[in-house]
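Shown next, in structure tokens, is the structure this report addresses.
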Amino acid sequence: MSLANPKRRPQFNKSVSMVEFDDLASRPTPRWDKVRDHVYSQNKNGIKTLAKQGKRPPLPRSSSMTEFSPDANSQLVIQLYQELKKVSAPSITVETDTSLRVYHRRWYILAMYSLLAGLQAYVWNFWGPIASTSEHAYDWSDSDIAFYANWGPICFIPMVIPLSWLITTKGLRWAILVAAILVAAGSGIRCTYTEPPINKWLVHSGHLLNGLAGPIAKGMGPVVSAVWFPPDQRTTATAIMSGSQWCAIGISFIAGPLVVPETHKKWNVTTDVEQQNTSQINNTNRHDEIVEIERKDILMYLYGCFGFCALLLLVILIYFPAKPPRPPSSTASIDRLNYWTGIKHLIRRRPQFWFVAVLYGYSTGIRDAWSSMLNVNLKAHDISQIDGGWIGFYSAVASWIAGIIIAKFADTFKKRFKLFLITLYLLSTLMYIWLTLTLVNILPASRATLYASVILSSIFIGSTTPLFYESACEIAYPVSEGIANLVLTMQANIASLIFLGVLSIPNIGTVWMNWLLIAAFATTTVSLFFMKETHTRSDIDENKTDISLKHGQQTETHM
């Protein structure tokens, strides 16, 4: 392509070039000096101020590109790119003429990731819905059930850095494949031996492996939507993927009690006069028979869960591409900041991101941990395992469906995330107040009120997760979506870790869980009024913003 002929000059995407060259400028090399000298000699007549002074153009980080005239600037960047290709900089990609395309296979990618995220959440929540039966069968306690669930946040925190690096550097396929292997291994190891006390350690090992996949299962949905979906479908796609975890948890609340019923309650040893005259040996035999039946039911349930995980691993191994042949949006064609540069940029230059991350983590982490112990919480109020399972199921499915509907509205009204969040959090707080006052008998309690309060609160709060994810991507841009959302979800796991850790304290009870949930949502609702919205990524896709990075800062120029 000749630069001498202005009619043949390609369209210049400023936002791409500025980001990439300033990122490259943070790593100057002698080869860069040679490229700079060459470009200067070719463009000397087009440079105004510096040419008059007889100086060479310095690196972009020490002198803004705006010092050059528009024509010279365009020519300079194009020649820089061509020369940089010769000196090999594989981590830098600049698209000067990219055609966009949306592929139908994006729905397959969404389905595979949603299934993986759902199965990881299913394995994580495996014991909560059958807490009563498993405690009787293996002589476990509520603290044991809480500890199994706690492996999720325990493993999540140390795995954020290595897995965000994997997502950023190796792409979607490798990240998904690693997560699928961990989930399948975690669910499989629990089936190898089911007799106590050895089985308890195998269950811990399985939940540890499953927890290692948590960052990918929870934090990669926005990456998938950014890579495969157009801007007007991103929030909806993120809602489907993030909601799949809640849908799977809801299914576990139904499938668990159906496959593993509370046999010990159905066959409970009576205490009438005749039974009191029966020998203790007969009572012991009856107890052993019940325990054996319960353990067989649990084992079959474990086998079924492992079968689904192994099948999904096989499908992903056969086909799951890292990205589409052509990007679906302008920002999808732009390379994000490299991993460590993105981390530093997020830490030093994004206080608003951390504000949003703490709000999300504080409220969502407590809500997630509270939901995982729903049956334990309701059991203290004489709610059966079956009733608790149906409440959890309806709550999760309704939350998923409502989340998709609200996300569709958010895609239409892209710059109203703050309004959506405040409204949903306010309604959720009111529902949790209603639920708590019912559980402590201040308000009339019934199955209908319990169903209504839990389901409505789940509908409102479940719809906020994709809005938080997409808000974090907008604020953090041009930091990778994988880094931004794994940091976001890490905050939630820290809160869950603390919550479940407190629950492991013997005889602490469950009433405090509900009051803490109210406090978390009330303070988050108030704090959201101070949230500042930014829409950098969306503005670039709409050709409204030109972004350049200089000294680690982001400057916006509206066109």
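The values are calculated or read from the model by the stated rules, or taken from the named source; none is laboratory data. This structure is a prediction, so every number in the text was calculated from the model and none was measured. Neighbour counts are summed over all protein chains in view; Cβ atoms, including those assigned to glycine, are modelled from backbone coordinates with ideal geometry. When the accessible area is computed, the model is the full protein with side chains, heavy atoms only, and any ligands, DNA or RNA have been set aside. Shrake-Rupley method; radii C 1.70, N 1.55, O 1.52, S 1.80 Å.
Here are a few things to note about the model shown:
- Phi-derived couplings, Karplus 6.51 cos²θ - 1.76 cosθ + 1.60 at θ = phi - 60°, listed residue by residue for segment 128-142: x, x, 10, 4, 4, 5, 5, 5, 6, 6, 10, 6, 8, 10, 4 Hz, with x used for Gly and Pro.
- Label-to-label distance, nm, for residues given as Ala111 and Asp387 (7 Å Cα→Cβ offset): 3.9
- For the pair His287 and Ser141, the difference between a 0.36 nm per residue extended length and the Cα-Cα distance amounts to 50.8 nm.
- For the peptides 507-520, 445-458, 148-161, 468-481, the ranking by mean Cβ contacts within 10 Å, running from highest to lowest, is 468-481, 148-161, 445-458, 507-520.
- On the principal axes of its alpha-carbon atoms, segment 112-175 has extents of 47, 25, 12 Å, going from largest to smallest.
- With the whole protein complex present, Asp387 retains an accessible surface near 30 Å², based on a 1.4 Å probe.
- Only protein atoms count toward the accessible area here, which uses a 1.4 Å probe; on segment 115-162, the carbon and sulfur part of that area reaches 69 percent.
- Note: relative contact order over segment 375-527, using C-alpha pairs below 8 Å and six or more positions apart, is 31 percent.
- Mean Cβ count within 10 Å, highest first, over the residues of peptides 191-197, 389-395, 166-172: 389-395, 166-172, 191-197
- Taking Lys and Arg as +1 and Asp and Glu as -1, the other residues whose beta-carbon sits under 9 Å from that of Glu135 total -3.
- Alpha-carbon centroids, segment 216-259 and segment 148-202: separation in whole Å: 18
- With an a/c value of 1.5 or above and a/b not larger than b/c for the gyration tensor axes a ≥ b ≥ c computed over the alpha-carbon atoms, segment 436-508 is described as oblate.
- The solvent-accessible area of Val291, taken with every protein chain present and a 1.4 Å probe, is close to 10 Å².
- Inter-site label distance for Ile508 and Asn441 at 7 Å from Cα along Cβ, in nm: 2.5
- For the set Leu503, Leu311, solvent exposure ranked by accessible area (probe 1.4 Å, protein chains only) runs largest to smallest as Leu311, Leu503.
- Separation in nanometres of the label points that stand 7 Å from Cα toward Cβ, at Met531 and Tyr451: 3.2
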